[in-house]
Amino acid sequence: MSQIESATLYLGEREFVVQTAGFMRSKPWKKRLFEEIKPLFEKVSAAPDIVFNTAADLLKLVPLAEELFTDGLDLVFDMLITYSPVLEAEREYIENYATDKQILAAFQGVVILADPFGVVATMTRRIGRTATTTSSNSHVASGVAP
């Protein structure tokens, strides 16, 4: 028998233990995740293709940055909160005290919980290995307990 997994998320000055959502809650959540988050990630992955020949070319990043830092973060926050009743009950606290980095790290933890096949964890490990070989001095803030 497989146990229900959980993740400890750090949001604001508090710790939240979130369990893997049941099938009836996670199915529509995952469907929404792919419908709403996938286009955002596609835009981000296309950003390296922007060519910078002049300073004016930096303006090409403004719409993407605006979408990521406002609408994108709002969407990630809402997806994080709606994954778990524990987080829904503390929405106001999390809105007022959690940082953007904490929200993004906690969202990553929730996505890993929602992935029964381990695809996200495998991709994260691969990306981590690539990032380690290309940048030895990078640091990632985590809002998820190891």
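All of the numbers you see were taken from the coordinates with simple rules; none came from a lab. Since we're looking at a predicted model, the values are computed, not measured. Here the Cβ positions follow ideal geometry from the backbone for every residue, glycine too, while neighbour counts run over all protein chains shown.
Compute the length gained on full extension between F117 and R14: take 0.36 nm times their separation in residues and subtract their Cα-Cα distance, giving the result in nm to one decimal. Please list the in-between numbers first.
On the way: separation 103, 0.36 × 103 = 37.08 nm, distance 2.94 nm.
Net length gain for the segment: 34.1 nm.
Please sort 31-37, 107-113 by packing, taking for each peptide the average over its residues of neighbouring beta carbons within 10 angstrom, highest first. Provide the component values of the computation, followed by the final result.
Values: 31-37: 12.9, 107-113: 21.6.
Averaged packing, sorted descending, gives the order 107-113, 31-37.
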